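Read the figures in this text as sums done on the coordinates, not as results from a lab. Nothing here was measured: the structure is a model prediction, and the numbers come from that model.
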Amino acid sequence: VTALAVRTVAPVNRSIDIRPRALPVIAAPMYGVSGLALVVACCNAGIVGTLPASNALRADELADWLRTIRDEAGDAAWGVNLVMHSSNARRDVEVELAVRFEAPIVISSLGAPDRLIDAVHAYGGKVFADVATVAHARRAAERGADGLVLIGAGSGGHTGHLSPLGFVPAVREFYDGIVVAGGAIGCGAAVRAVEVLGATFAYVGSAFIATHESLASDAYRAAVVAASADDVVCTRALTGIAANMLRPSIEEAGINLSAREPPRTVDAYATINGRRVWHDIYSAGHGVGHSKEVRSVSQVVATLTREYERAFSREASHPSLALSASSTRS
Ligand SMILES: Cc1cc2nc3c(=O)[nH]c(=O)nc-3n(C[C@H](O)[C@H](O)[C@H](O)COP(=O)(O)O)c2cc1C
């Protein structure tokens, strides 16, 4: 009787397992790119799939997507990204839906994660906070985030300015929770590199734009396939926030960046010369050169996995290790 009584009154204390099966990679949420098909494909391929709630046009569509993802993902972890700033008119509905469909990971952007934490923890989910500076990371850690997503330099979309080489170790000095490193990670060796620096997961966005399952247009996919890192330009002149964009699409829109003042107020979804930023003026990070053709998500994940495994064997037999061994002997 006592055991039964204890079981009945004990608080729910489960924690959803978010470990990926194939690779320590979270497919990062991307406006205009990550939808239902991409998330499900990522989960099936053994990585964590995520989407920004803003990609669903209406709340009922978001509810349908989250229900389907929950049903199709099985045991695989997935996540939804919510803009927590008060400017997001749908914020409370999006929080309610993330909780109703028990998103294993809820990623908060542009705003404190506090108001999410109790509700998400109640069903065993985890709250990650997007951060772009060390001070911001410290604040989010103090507020109880389960994970920090470090948006580093070279990221697609609105970018951070700190190199992951400095950012990850700086955060690791005071934070022993889950660290997700983002920015320019387009190959498996880069996934391994951020792991070596102390990250738990790599946050990989642009590598999933040129996939069959993404929401990107054919023209956007083709622009990504054609681009190299040299085509990426970081500018505040389009939305008012630093973003990494593909220079050819800016030129195509007739925009002269050097003559253009950044807008006085932020407009994340600006239209310039009749071209919509993100839809007609394209974004990608410094890892873009790895997308050489349009492929399926499972092919991208298989390549990342192969490269990741090769990075381990390279670490074991790296010439510089041989060099230090011989210099030790001499
Ligand atoms: C086209 C595009 C749209 C993006 N939209 C969002 C978004 O809606 N919310 C968000 O938190 N991050 C967004 N990001 C940033 C990604 O989540 C991630 O931080 C970034 O893609 C990682 O860098 P990488 O592209 O070099 O891999 C976007 C990135 C791209 C390329």
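Some observations on this one:
- Restricting the calculation to Cα atoms, the chain shows an Rg/Rh of 1.00 when the hydrodynamic-style radius is the Kirkwood one.
- Mean projection area, nm², convex hull over Cα of the range 83-202: 7.3
- Cα-based shape type of the range 90-131, given that a ≥ b ≥ c are square roots of the gyration tensor eigenvalues and the cut on a/c is 1.5: oblate
- Solution diffusion estimate, µm²/s, Stokes-Einstein, the range 23-134, Kirkwood Rh from C-alpha pairs, 37 °C, viscosity 0.692 mPa s: 238
- When the square roots of the Cα gyration tensor eigenvalues are ordered a ≥ b ≥ c, the ratio a/c for the range 149-303 is 1.5 or more and a/b does not exceed b/c, which makes its shape oblate.
- The range 196-210-the range 275-292 distance, computed between alpha-carbon centres (Å): 16
- Theoretical ellipticity at 222 nm over the chain - DSSP helices of four or more residues, -39500 (n - 2.57) apiece, nearest 500: -11500 deg cm²/dmol
- Note on the range 189-267: Kirkwood hydrodynamic radius from all Cα pairs is 14.8 Å, rounded to one decimal.
- Global form of the range 12-53, assessed from the alpha-carbon gyration tensor, a/c cut-off 1.5: oblate
- Within the chain, percent of DSSP bridges classed antiparallel, to nearest 5: 20
- As computed over the range 167-220, the Cα convex hull volume per residue (Å³): 85
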